[in-house]
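Structure first, then comments.
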Amino acid sequence: MIAGTQPSLVSGGEIENKSKANSNLMNKENVVQLAINTIRTLSIDAVQQAKSGHPGTPMALAPLIYTMWNRVMQYDPADPIWPNRDRFVLSNGHASMLLWSILHLTGVRAVDAEYERLGEPAVTLDEIRRFRQLGSKAPGHPEYRWVSGVETTTGPLGQGVATAVGMAIAQKWLANRYNQPGFDLFKYNVYAVCGDGCLMEGISSEAASLAGHLGLDNLCWVFDNNHITIEGNTNIAFTEDVAARFLAYKWNVLRVGDANDVGQIERAFQTFRQTKGRPTLIILDSHIGYGAPHKQDTAEAHGEPLGEEEVRLAKRSYGWPEDAKFFVPDGVYAHFNQGIGARGKVARDEWRTLFSVYHRKFPALAAEIELMQKREFPNEWDRNLPVFPADSKGLAGREASGKVLNILAQNIPWLIGGSADLGPSNKTTLTFEGAGHFQASNPGGRNMHFGIREHAMAAIVNGLSLSKLRGFGASFFVFIDYARPSVRLSALMELPTLFIFSHDALGDGEDGPTHQPVEHLASLRAIPGLVTLRPGDANEVVEAYRYIMKLRHKPTVLVLSRQPLPTLDRSRYARASGVAQGAYVLADPPSGKPEVILIASGSEVILAVQAHEKLLSEGIRSRVVSMPSWDIFEHQTQGYQNRVLPPEVQARVAIEQASTFGWERYVGVKGRVIGMHTFGASAPLKELQKKFGFEPDQIVVAAKELLQGKET
Ligand SMILES: Cc1ncc(C[n+]2csc(CCOP(=O)(O)OP(=O)(O)O)c2C)c(N)n1
Ligand SMILES: [Mg+2]
């Protein structure tokens, strides 16, 4: 069904006389107001039916959303993944009914995971009737990947606005690389709507500060200035001068004093589009629960159904048929179809014509764009990857990573990223000729300088990835806590982002316990769908990257050592390609079945190997399993897992400079874990290794005790 030709779906009994209702409405109000009130009433009805949700903000912001979609945005509902579409981010994700209403009314079509356009609606009226129910395409909060037309998952306040900064950076980068004279292929704007909550969250400050620094004039945030949050009026906790704050960030700040004034709203967006060199914040004064006589301007309108009687009264105030539910009056679909539908189609058709000419004139660049859109890479993306020779002194994980990253970035032009001010330490700086540094004056730079803003960095990396760039961010591993909420969203969205974290354990030595991660590996391993990889030597780093780069729908945290790790002799020990299985047998006894298994990751692999050699010399048949990634290992067949960790071998020692939490699953009730039970300490690494038991001799003792059946 084509958007705009859909009938007004009214389920039986919900409204007695539809045509009478329609003619009454048409007499009273013009179609713009009808469209706006349709957004309001769909939201009210969905929340009421679900008996949960957030009606107040959709009621207040319906005119804003109407204006953005039907008058401002370049967006073709028939193709929600058109690369040059304007982006819309609902950062106050609790107001999701705004999004479901507008996706429905504008007839946005569905797209599948392989980027095929499906032709069916992304959100039907029936889905809206099933708001917040299992499997509905109108879930509680905007879910990227689950509902087409959702540009990013939001709900944790502040994430959306920060992610939008990443999208705006991506647009600048794409335009710089691919636009040619007469071929403005990437010319879109990024819009984000947010509330008090988003602006209170620290991440919005980090993100706004960077956006202002970078002069992202393709970025517009709209702040729903309703003075209400869950606990009541914002005068209890949020009295700062938001305008002054954003002016200080070097933003352009506009104010619209009446959230119902569509003309004023439209003019504000015009000003945004004319403003160069600065992002824009539009402060929109609104009334939460607009039209509900007892709930307007109160916190009660925020997060609970209005109640049947209040629903009636609100509808009365809109001049709406009071008994109508999920009612879309005649003419509303057509109105959106003539607005965003027609405008979007023309824009996209023109773009497609432009792109086909571009394709002939700039075939190499066009091919890149096509690959990128499908999250694929150029052929030979892994050419020149190094093989590191055996070396007892070895290389730090971060050093190996830096070398590999620099090669990959030369093979994959849209691999871009950086660190939160630790580039020289994380070894994430791209140093090859032409790599450049991303700044307002150099939007083609490949090195991002996120500043010391880990949280915004991770959200921005999500935004880069949502724009189909291959984005990475970096810091010290212990500071992943500052980024974790956005890493979690990366996993939820199934984005192929890369987070490179060095200084993975006690290697930070003298810096002490504030800089020594303990619980971080365990906490990341608990995030569904996130690949956590902690390679054990330089060649494992190479193989880790080979694995990561092939991922199209999973984020990775790559955990790297600060200190040199010996590069293992792979003619003597197994090949590092075993990394792709998450865990592999690195060393075995020369003959016979192993009687004890030593399992380690990262910097502890070498300790396990040294202990293994000792055990062998004493006639004990030990096996070493290098286990850089639990997640990957758990996705292997049971047969493979059993070959690596034969169930009958129960004498097992795991060694990892991190919380022991969870290792029981591999060592079993009879095994031992040499790990951390406390925070670390400030001292040279050697002393810390001794104090906390990370020495080959201590592993040997544990292995022998297990074989002798000694309890701990
Ligand atoms: C990070 C985070 N903390 C807390 C919440 C829970 N929460 C959801 S909405 C909300 C209040 C938001 O107020 P505001 O942004 O002003 O939204 P409004 O009620 O005006 O729509 C809170 C605390 C959340 N979603 N995310
Ligand atoms: Mg508010």
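The values are calculated or read from the model by the stated rules, or taken from the named source; none is laboratory data. The structure displayed is predicted, hence computed values, not measured ones. All Cβ positions, glycine included, derive from the backbone under ideal geometry; neighbour counts span all protein chains shown. Areas reflect the complete protein model, heavy atoms only, side chains present, ligands, DNA and RNA absent. Shrake-Rupley method; radii C 1.70, N 1.55, O 1.52, S 1.80 Å.
Given the conditions (1) within 16 Å of ligand 1 (Cβ to nearest atom); (2) part of a loop (DSSP other than H, G, I, E, B), report the number of the one that residue 458 does not fulfil.
(2)
Would you check which residues across segment 354-374 are closer than 17 Å to residue 181 by Cβ and of a type in the set (Ser, Thr, Tyr) and list them?
358
Does residue 669 satisfy the criteria of being open to solvent by 30 Å² or more (accessible area, probe 1.4 Å), closer than 23 Å to residue 650 by Cα and in a strand (DSSP E or B)? Give the derivation first.
Values: open to solvent by 30 Å² or more (accessible area, probe 1.4 Å): yes; closer than 23 Å to residue 650 by Cα: yes; in a strand (DSSP E or B): no.
When the stated conditions are applied, residue 669 does not pass them.
Quick check: is even one residue across segment 325-335 surrounded by fewer than 20 Cβ atoms within 10 Å (Cβ to Cβ), without any contact (Cβ under 8 Å) to a residue 60 or more places away in the chain and over 31 Å from the mean Cα position of the chain (by Cα)? Talk me through it step by step, then tell me what you get.
If we filter segment 325-335 for residues that are surrounded by fewer than 20 Cβ atoms within 10 Å (Cβ to Cβ), which is where we start, we get 330-331, 334.
Cutting the leftovers down to without any contact (Cβ under 8 Å) to a residue 60 or more places away in the chain gives us none.
No: zero hits.
Tell me, yes or no, whether segment 579-594 has at least one residue that is over 21 Å from residue 658 (Cα atoms), of a type in the set (D, E, K, R), free of Cβ contacts under 8 Å to residues at least 12 places away in the same chain and open to solvent by 50 Å² or more (accessible area, probe 1.4 Å).
No: zero hits.
Using the structure shown, decide if residue 153 is surrounded by 18 or more Cβ atoms within 10 Å (Cβ to Cβ), part of a helix (DSSP H, G or I) and under 17 Å from the mean Cα position of the chain (by Cα). Walk me through it before giving the result.
On the way: surrounded by 18 or more Cβ atoms within 10 Å (Cβ to Cβ): yes; part of a helix (DSSP H, G or I): no; under 17 Å from the mean Cα position of the chain (by Cα): yes.
Against the criterion (surrounded by 18 or more Cβ atoms within 10 Å (Cβ to Cβ), part of a helix (DSSP H, G or I) and under 17 Å from the mean Cα position of the chain (by Cα)), residue 153 does not qualify.
Check off (1) under 26 Å from residue 56 (Cβ atoms); (2) out of contact with any helix residue (DSSP H, G or I) (no Cβ under 8 Å at 6 or more places or on another chain); (3) outside any helix (DSSP H, G or I) for residue 217 and give me the number that stays unchecked.
(1)
Given the conditions (1) outside any helix (DSSP H, G or I); (2) surrounded by 15 or more Cβ atoms within 10 Å (Cβ to Cβ), and given that residue 371 satisfies all but one, which numbered condition is not satisfied?
It fails just one condition, (1).
Residue 446 fails exactly one of the following numbered conditions: (1) among the charged types (D, E, K, R); (2) in contact with a helix residue (DSSP H, G or I) (Cβ under 8 Å, 6 or more places away or on another chain); (3) farther than 24 Å from residue 368 by Cβ. What is the number of that condition?
(3)
Please determine, by comparing only the residues of segment 211-232 that are open to solvent by less than 80 Å² (accessible area, probe 1.4 Å) and charged (D, E, K, R), which one is farthest from ligand 2 (Cβ to nearest atom). Talk me through it step by step, then tell me what you get.
The initial filter retains those residues of segment 211-232 that are open to solvent by less than 80 Å² (accessible area, probe 1.4 Å), namely 211-212, 214-226, 228-229, 232.
Remaining after also requiring charged (D, E, K, R): 217, 224.
Numbers: 217: 27, 224: 6 Å.
The selected residue is 217.
Do we have any residue at all in segment 233-241 that's more than 26 Å from residue 473 (Cα to Cα) and away from ligand 2 (no atom under 16 Å from the Cβ)?
yes
For segment 571-627: of the residues being in a helix (DSSP H, G or I) and small (Gly, Ala, Ser), which is nearest to the chain's Cα centre (by Cα)?
Step one: list which residues in segment 571-627 are in a helix (DSSP H, G or I), which gives 576-581, 604-617.
If we keep only those that are small (Gly, Ala, Ser) as well, we get 576-578, 580, 608, 611, 617.
Values: 576: 30, 577: 28, 578: 28, 580: 24, 608: 36, 611: 41, 617: 50 Å.
Filtering segment 571-627 for residues that are in a helix (DSSP H, G or I) and small (Gly, Ala, Ser), the one nearest to the chain's Cα centre (by Cα) comes out as 580.
Given the conditions (1) open to solvent by less than 40 Å² (accessible area, probe 1.4 Å); (2) out of contact with any Ser or Thr (no Cβ under 7 Å at 6 or more places or on another chain); (3) under 23 Å from residue 520 (Cβ atoms), which single one is not true for residue 455?
So the condition that residue 455 fails would be (2).
Within segment 308-324, restricting attention to residues that are assigned to a helix (DSSP H, G or I) and free of Cβ contacts under 8 Å to residues at least 40 places away in the same chain, which residue is nearest to ligand 2 (Cβ to nearest atom)? Even if it seems obvious, please write down each step before you answer.
Taking segment 308-324 first, the residues assigned to a helix (DSSP H, G or I) are 308-318.
Filter once more, so that each one left must be free of Cβ contacts under 8 Å to residues at least 40 places away in the same chain: 309-310, 312-313, 316-317.
Working: 309: 24, 310: 19, 312: 25, 313: 22, 316: 25, 317: 21 Å.
It comes out as 310.
Per-residue answers, yes or no, for (1) assigned to a loop (DSSP other than H, G, I, E, B); (2) closer than 22 Å to residue 496 by Cβ; (3) open to solvent by 10 Å² or more (accessible area, probe 1.4 Å):
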residue: 143; (1), (2), (3): yes, yes, yes
residue: 164; (1), (2), (3): no, yes, no
residue: 168; (1), (2), (3): no, yes, no
residue: 172; (1), (2), (3): no, yes, yes
residue: 209; (1), (2), (3): no, no, yes
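For residue 195, state whether it is at positive phi and either of a type in the set (Phe, Trp, Tyr) or in contact with a helix residue (DSSP H, G or I) (Cβ under 9 Å, 6 or more places away or on another chain) (or both). Can you show your working first?
Working: at positive phi: no; either of a type in the set (Phe, Trp, Tyr) or in contact with a helix residue (DSSP H, G or I) (Cβ under 9 Å, 6 or more places away or on another chain) (or both): yes.
No, not satisfied.
Scan segment 123-141 residue by residue and report those that are closer than 24 Å to residue 85 by Cα and crowded, with 23+ Cβ neighbours inside 10 Å.
123, 137, 138
Please work out which residue is farthest from residue 94 (Cα to Cα), limiting yourself to segment 175-196 and to residues that are of a type in the set (S, T, N, Q) and in a loop (DSSP other than H, G, I, E, B). Working first, answer last.
Kept after step one, since they are of a type in the set (S, T, N, Q), are these residues of segment 175-196: 176, 179-180, 189.
Filter once more, so that each one left must be in a loop (DSSP other than H, G, I, E, B): 179, 189.
On the way: 179: 37, 189: 23 Å.
Taking the candidates together, the pick is 179.
What's the number of the condition residue 305 fails, among (1) more than 16 Å from ligand 1 (Cβ to nearest atom); (2) over 26 Å from residue 32 (Cβ atoms); (3) part of a loop (DSSP other than H, G, I, E, B); (4) not charged (D, E, K, R)?
That leaves (1) as the condition not met.
Identify the single condition in (1) within 30 Å of residue 423 (Cβ to Cβ); (2) outside any loop (DSSP other than H, G, I, E, B); (3) open to solvent by 10 Å² or more (accessible area, probe 1.4 Å) that residue 554 does not satisfy, given that it satisfies every other one.
Just one mismatch for residue 554, condition (2).
Could you identify the single residue in 504, 421 that is more than 28 Å from residue 378 (Cβ to Cβ), in contact with a Gly (Cβ under 8 Å, 6 or more places away or on another chain), crowded, with 19+ Cβ neighbours inside 10 Å and charged (D, E, K, R)?
Working: 421 fails: crowded, with 19+ Cβ neighbours inside 10 Å.
That would be 504, the only listed residue that is more than 28 Å from residue 378 (Cβ to Cβ), in contact with a Gly (Cβ under 8 Å, 6 or more places away or on another chain), crowded, with 19+ Cβ neighbours inside 10 Å and charged (D, E, K, R).
Being open to solvent by 10 Å² or more (accessible area, probe 1.4 Å), under 24 Å from the mean Cα position of the chain (by Cα) and within 20 Å of residue 302 (Cα to Cα) is the filter here; which residues of segment 50-95 pass it?
Matches in segment 50-95: 54, 94.
Report whether or not residue 561 is surrounded by 24 or more Cβ atoms within 10 Å (Cβ to Cβ), in a loop (DSSP other than H, G, I, E, B) and polar (S, T, N, Q). Don't jump to the end; show me each part of the working.
Working: surrounded by 24 or more Cβ atoms within 10 Å (Cβ to Cβ): yes; in a loop (DSSP other than H, G, I, E, B): yes; polar (S, T, N, Q): yes.
Yes: the conditions hold for residue 561.
Within segment 184-203, count every residue that is away from ligand 2 (no atom under 16 Å from the Cβ) and open to solvent by 20 Å² or more (accessible area, probe 1.4 Å).
Looking only at segment 184-203, we keep the residues that are away from ligand 2 (no atom under 16 Å from the Cβ), and these are 184-191, 202-203.
Okay, now just the ones that are also open to solvent by 20 Å² or more (accessible area, probe 1.4 Å), so 184, 187, 189, 202.
Residues in segment 184-203 being away from ligand 2 (no atom under 16 Å from the Cβ) and open to solvent by 20 Å² or more (accessible area, probe 1.4 Å): 4 in total.
In this structure, is residue 251 touching a Leu at 6+ places or on another chain (Cβ under 7 Å), open to solvent by less than 10 Å² (accessible area, probe 1.4 Å) and within 16 Å of ligand 1 (Cβ to nearest atom)?
On the way: touching a Leu at 6+ places or on another chain (Cβ under 7 Å): yes; open to solvent by less than 10 Å² (accessible area, probe 1.4 Å): yes; within 16 Å of ligand 1 (Cβ to nearest atom): no.
In short, no.
Which of the residues belonging to segment 268-302 are of a type in the set (S, T, N, Q) and part of a loop (DSSP other than H, G, I, E, B)?
Restricting attention to segment 268-302, the residues satisfying the condition of being of a type in the set (S, T, N, Q) are 270-271, 274-275, 280, 286, 296, 298.
Scanning segment 268-302 gives 275, 286, 296, 298.
Six or more apart or on different chains, Cβ under 8 Å: which pairs go from a residue in segment 215-243 that's within 12 Å of ligand 1 (Cβ to nearest atom) to one that's open to solvent by 70 Å² or more (accessible area, probe 1.4 Å) and at pLDDT below 95? Could you list them?
So the pair list comes out empty.
Open to solvent by 70 Å² or more (accessible area, probe 1.4 Å) and either under 34 Å from the mean Cα position of the chain (by Cα) or at pLDDT 95 or above (or both), is that true of residue 293? Quick ask: steps written out before the conclusion?
On the way: open to solvent by 70 Å² or more (accessible area, probe 1.4 Å): yes; either under 34 Å from the mean Cα position of the chain (by Cα) or at pLDDT 95 or above (or both): yes.
For residue 293, the condition - open to solvent by 70 Å² or more (accessible area, probe 1.4 Å) and either under 34 Å from the mean Cα position of the chain (by Cα) or at pLDDT 95 or above (or both) - is met.
Among the residues that make up segment 146-169, is at least one of them of a type outside the set (Asp, Glu) and without any contact (Cβ under 8 Å) to a residue 40 or more places away in the chain? Break it down into steps so the answer makes sense when it comes.
Within segment 146-169, the subset of a type outside the set (Asp, Glu) is 146-150, 152-169.
Retained after the next criterion (residues that are without any contact (Cβ under 8 Å) to a residue 40 or more places away in the chain): 146.
Yes, segment 146-169 has at least one match.
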